[in-house]
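Input: a single structure, listed below in structure tokens.
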Amino acid sequence: MTKYFDEDDIKNLLVFDLEEDNEDCLENLNKNAASFETERERELYISLIKNINQSINREFREEFIEKIDRWLIENKDLNDIASLYKMTAELAEKDVRNKGRLVYIYYSETDTYPYDYLWEKVDSSLRQNGLKANIKLAYNLKQTKNFQDNQWVWINDTTGKFTKLDSIDDDFNDFLNDWEVEDLLSTYSYDLDDYLEEKQTEGLVL
């Protein structure tokens, strides 16, 4: 079988404890590449996998990378893999606030927010909804003292009170690990055409 990837091409994806599992991952991705009927599709697949590998950095837990590996072994749809590329590119950002659309799901599901984001949210709500805005949140924000704009806060759903958080990196990664890859990808509308357009703006021709 022709080898389309070697270990160096996907080394950031090969994080399994057992070397045989890493070898299986490499072999399966090569099989996937070989299975495409056209050279064009194969080239796009190879490009996407290599770009995903480049996105994987210290921001990713090994357990989550393993989930990505298992998903990639089972999936060859180029639109879905393009969504995975976009997701990993966003999650590679160091600051949680810059990690793309999944951050907003994290906010709503955990009631954890940046302090300045809450002020922006209240201001927008008051402008759009007037007295029908979230007055309770606006009131509680007014009561806060000594909070920095970049401070992370957790809102108690029962009392509405704010609790300062020093860091939410681990909590955000816990949140990610609770999801399956396909469920995370369902929140993305990014597809192969978007990927090609993005690479074209970077001066790359695929």
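The values are calculated or read from the model by the stated rules, or taken from the named source; none is laboratory data. Given the structure is predicted, the values throughout are model-derived calculations rather than measurements. Don't worry about glycine lacking a Cβ; one is built from the backbone with ideal geometry, like all the others, and counts go over all protein chains shown.
So the values come out like this:
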quantity: Hey, residue 107 within 30 Å of residue 80 (Cα to Cα), not in a helix (DSSP H, G or I) and not aliphatic (A, V, I, L, M) or not; calculated: no
quantity: Subset tally (residues that are over 19 Å from the mean Cα position of the chain (by Cα), among the aliphatic types (A, V, I, L, M) and closer than 21 Å to residue 75 by Cβ) for region 165-206; calculated: 2
quantity: Qualifying positions in region 18-54 - more than 13 Å from residue 1 (Cα to Cα), in a helix (DSSP H, G or I) and of a type in the set (A, V, I, L, M); calculated: 44, 46, 48, 49, 52
quantity: Lone unmet requirement of (1) surrounded by 15 or more Cβ atoms within 10 Å (Cβ to Cβ); (2) in contact (Cβ under 8 Å) with a residue 40 or more places away in the chain for residue 169; calculated: (1)
quantity: Spans of helices (runs of 4 or more DSSP H) in region 114-206 with at least 3 residues at pLDDT 85 or above; calculated: 115-129, 169-177, 181-185, 192-201
quantity: Of the criteria (1) without any contact (Cβ under 8 Å) to a residue 60 or more places away in the chain; (2) surrounded by 19 or more Cβ atoms within 10 Å (Cβ to Cβ); (3) part of a helix (DSSP H, G or I), which one residue 15 fails; calculated: (3)
quantity: Any pair with Cβ under 6 angstrom, 6 or more apart, that starts in region 119-140 at a residue that is buried (at least 17 other Cβ atoms within 10 Å of the Cβ) and ends at one that is of a type in the set (A, V, I, L, M, F, W, C) and at pLDDT below 70; calculated: 133/126
quantity: Test set (1) of a type in the set (Ser, Thr, Tyr); (2) surrounded by fewer than 14 Cβ atoms within 10 Å (Cβ to Cβ); (3) in contact (Cβ under 8 Å) with a residue 40 or more places away in the chain - residue 47 fails condition number; calculated: (2)
quantity: Members of region 73-84 found to be in a helix (DSSP H, G or I), touching a helix residue (DSSP H, G or I) at 6+ places or on another chain (Cβ under 7 Å) and surrounded by fewer than 23 Cβ atoms within 10 Å (Cβ to Cβ), listed by number; calculated: 73, 78, 79, 80
